[in-house]
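The values are calculated or read from the model by the stated rules, or taken from the named source; none is laboratory data. What you see is a predicted model; the values in this text were computed from it and never measured. Here the Cβ positions follow ideal geometry from the backbone for every residue, glycine too, while neighbour counts run over all protein chains shown.
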Amino acid sequence: MPLHDTRYQHWDGAHLGIWRRRATIARNALKGCWQNKWTRYVVSVCWTLSLTQAMVLFLIGQLLVKDSSLYDWVDQLHPQMQALVRSFVAWLEVNPKISVGVTQSLLFSVFGWPLRILTLVAIALAIPHLVTRDLGSQAITIYAAKALTRMDYILGKLGGLLGLMALTWLGPLLAAWFVGNLLGPSWHFFWHSRAALGAVLLYVGPAMVFLGLLALGISAISAQEKATVSIWIGLWLLGNSLVPIARETRAWLKYASLTFDLDQISLAIFDPVAHIRVAQENVPLVGMLLQDLPARKLAVWAHPELAGALIGLGIMLAAALFILYLRIKPE
Amino acid sequence: MFAAMSGVVIEARDLGKDYGRVKALDGVTLEVSPGTIGLLGPNGAGKTTFMKCLLQLIPFNRGSATLLGRDVGREGREIRRRVGYTPEQDGHIPGMVGCEYVTYCAQLCGLPFSAARQRAHEMLDFVGMGQERYRKIETYSTGMKQRLKLAQAIVHDPAIVFLDEPTNGLDPRGQVQMLELVQSLWRDHGITVVLSSHLLHDVDRICEQIVIIARGQVLVHDRLEALKARRPGSAEVVLASRQADLVQACGRRQWPAELLPNGHVRVEHRAADLNPLLRLLHEMDLSPIEIIPSPNALEELFVQALETAHAPA
């Protein structure tokens, strides 16, 4: 027998605002993604990479500490490597404003790449939890019958996906930056690396919103989970395969690859070639080591095809929004 | 403050909805006062479309409508905050357990989490769900799913609730329990109920007002009592014996009467009340076990309305 009154009782409390209701949808979407063990594995790998990046920053910082035990290890290296490390340390000491920023920007470029791949994998795992299942189970009608609009639903689901991407991409990068600089020998490292941090926010933030809306659109294409996951993987991998084909046939085909387009934007924002050149000029041994980089590759990196990439991404985004407009409704 | 208490909860003016060339709603105009409202019609008549238009789940093409005094076209979100809806299909979120689902639905309506969780358990108690609330919804029977749908529709304490075929798939006992629950919403708690069904018995049992829709048009809208009063008086008399005597006595008074296969005597006494029939039974010294007034009135009205609608102009 129930311990409380089981009759119907009226409720006259205050209602929460619309942003709290959207946050409820976001939390539920993220919870749905988190229930998949493979998603948890992917997030673990992302945070392992973050820890690695923080450790690299910590070790670079330790090189500036005079009596660091790290030098015992450096002394055991090959003479050429020792020279490289010492000239790098000299650069850090003489011109920290530039050297810290350049180093961290290059590290963000290096670690951001695998994190983006892992984010695309996490999205593939999350796609069924976004719109697909709601279409399949007709839960979309339940959402529509509540005090929500179509926009509330989309924003809520997007919030859940952004939360997931914050765990796999932006969060690990920011954590690595924060922990790496926190363990550095000087608080100035935070300030000197502000440009690198800004580049991360400028690139990863909009890229997350783009990927989130694109994934939502693909998730809404079908009520069949296998179909929407296949479309996402197809768009990702088949798009990649178009890049070499485009070199031999029609150049514009490469813009159909979302990773190629994101790469171009990343190159434009992080500008790794400029940073490599600064490093080459200041650390002669770096210049010697990197002189073997193919000139063609550097030229490609130095001149990203920003306009074409933005148009390509814009077309994909428009298609995703159109699908959402058509599909997010009760019937 | 909503206008639920002011006398009209639903107002539609020339409401129209087209699916291509098909007119799902064709100039629906009506005013509905609070209570239990039965929305009747054959399959494909436009009942669900009418409800969905009122809830703004689908846009209408013509006319205007207000629900609880608010404009349906412009205040959809505010309206739905005070409205509950159980669709005909399941609509559950896969992977959730029952109480989690109802809590989530309450949160979507703006209840804070702690209040939502408490209300969810109260509503699951109200609809008669026990420990099965902690099981995944995919494992529920049809009856449990129907109860869960009702719980999610009323968890935020709506002023009006739309129920689309709520007894579908239930066994007779489950149907009775569900109808009693629905009936109590208005009778005991003042929540207006709009019950859409093609099952006349369900509507006859709990509804005070009847709206009959066919071919997207409202054919009949009145109180059930008034509708029954329009019909020539009839009753079913349940007797332990002497059924044939009663049939003969009715014949002498020019009242058509017949003995039904279940042993009841059906009498068309044509009076507004049962007094002439009771006098006859008294004169014959008969003690009926039960008298069922206007037993098939709603069914006859329904058929008559449909025939009128289908008749050539």
Notebook entry, point to check: Among B:Pro166, B:Pro172, which is the only one that is at pLDDT 85 or above, away from chain A (no Cβ under 14 Å) and touching an Asp or Glu at 6+ places or on another chain (Cβ under 9 Å)?
Noted result: B:Pro166
Note to self: Given the options B:Gln177, B:Gln183, name the one that is more than 30 Å from B:Thr66 (Cβ to Cβ) and surrounded by fewer than 22 Cβ atoms within 10 Å (Cβ to Cβ).
What the structure shows: B:Gln177
Next item on the list: Only one of these is at pLDDT below 95 and part of a loop (DSSP other than H, G, I, E, B): A:Leu148, A:Leu135. Name it.
Entry: A:Leu148
Notebook entry, point to check: Looking at segment A:124-139, which of its residues are facing chain B (nearest Cβ under 8 Å) and either surrounded by 23 or more Cβ atoms within 10 Å (Cβ to Cβ) or within 17 Å of A:Arg21 (Cβ to Cβ) (or both)?
Noted result: A:Asp134, A:Ala139
Check: Checking B:His156 against (1) buried (at least 21 other Cβ atoms within 10 Å of the Cβ); (2) in a loop (DSSP other than H, G, I, E, B); (3) within 13 Å of the chain's Cα centre (by Cα), which test does it fail?
Finding: (3)
Item checked: Residues of segment A:140-152 satisfying the condition of being more than 7 Å from chain B (Cβ to nearest Cβ) and either over 25 Å from A:Trp232 (Cβ atoms) or β-branched (Val, Ile, Thr) (or both) -> A:Ile140
Item checked: Residue list for segment B:51-69, restricted to those being basic (Lys, Arg) and under 20 Å from B:Leu163 (Cα atoms) -> B:Lys52
Margin query: Residues to consider are A:Val89, A:Val121, A:Val102; find the one that is touching a residue at least 24 places away in the same chain (Cβ under 8 Å) and surrounded by 21 or more Cβ atoms within 10 Å (Cβ to Cβ).
Written below: A:Val102
Notebook entry, point to check: Considering segment B:86-107 alone, what residues qualify as being at the interface with chain A (Cβ under 7 Å from one of its Cβ atoms), buried (at least 19 other Cβ atoms within 10 Å of the Cβ) and over 21 Å from A:Asn28 (Cα atoms)?
Noted result: B:Pro87
Next item on the list: Considering only segment B:64-79, state which residues are basic (Lys, Arg), over 16 Å from B:Ile160 (Cβ atoms) and in contact (Cβ under 8 Å) with a residue 24 or more places away in the chain.
Entry: none
Next item on the list: Can you work out which of the residues in segment A:202-231 that are crowded, with 21+ Cβ neighbours inside 10 Å and not aliphatic (A, V, I, L, M) is nearest to the chain's Cα centre (by Cα)?
Entry: A:Tyr203
Next item on the list: State all residues of segment B:178-197 that are touching a Leu at 6+ places or on another chain (Cβ under 8 Å) and not in a strand (DSSP E or B); if no residue qualifies, say none.
Entry: B:Met178, B:Leu181, B:Val182, B:Ile191
Margin query: Against the conditions (1) farther than 30 Å from A:Tyr143 by Cβ; (2) in contact with a helix residue (DSSP H, G or I) (Cβ under 8 Å, 6 or more places away or on another chain); (3) not basic (Lys, Arg), where does A:Ile123 fall short? Just the number, please.
Written below: (1)
Notebook entry, point to check: Looking at (1) more than 11 Å from chain A (Cβ to nearest Cβ); (2) in contact (Cβ under 8 Å) with a residue 60 or more places away in the chain, can you tell me which one B:Asn61 breaks?
Noted result: (2)
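When you go through B:His221, B:His201 one by one, which is the residue that is in the same structural domain as B:Cys53 (by TED's automatic domain parsing), of a type outside the set (Val, Ile, Thr), under 25 Å from B:Phe50 (Cα atoms) and part of a strand (DSSP E or B)?
B:His221
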Next item on the list: Identify the single condition in (1) touching a Phe, Trp or Tyr at 6+ places or on another chain (Cβ under 6 Å); (2) surrounded by 22 or more Cβ atoms within 10 Å (Cβ to Cβ) that A:Leu57 does not satisfy, given that it satisfies every other one.
Entry: (1)
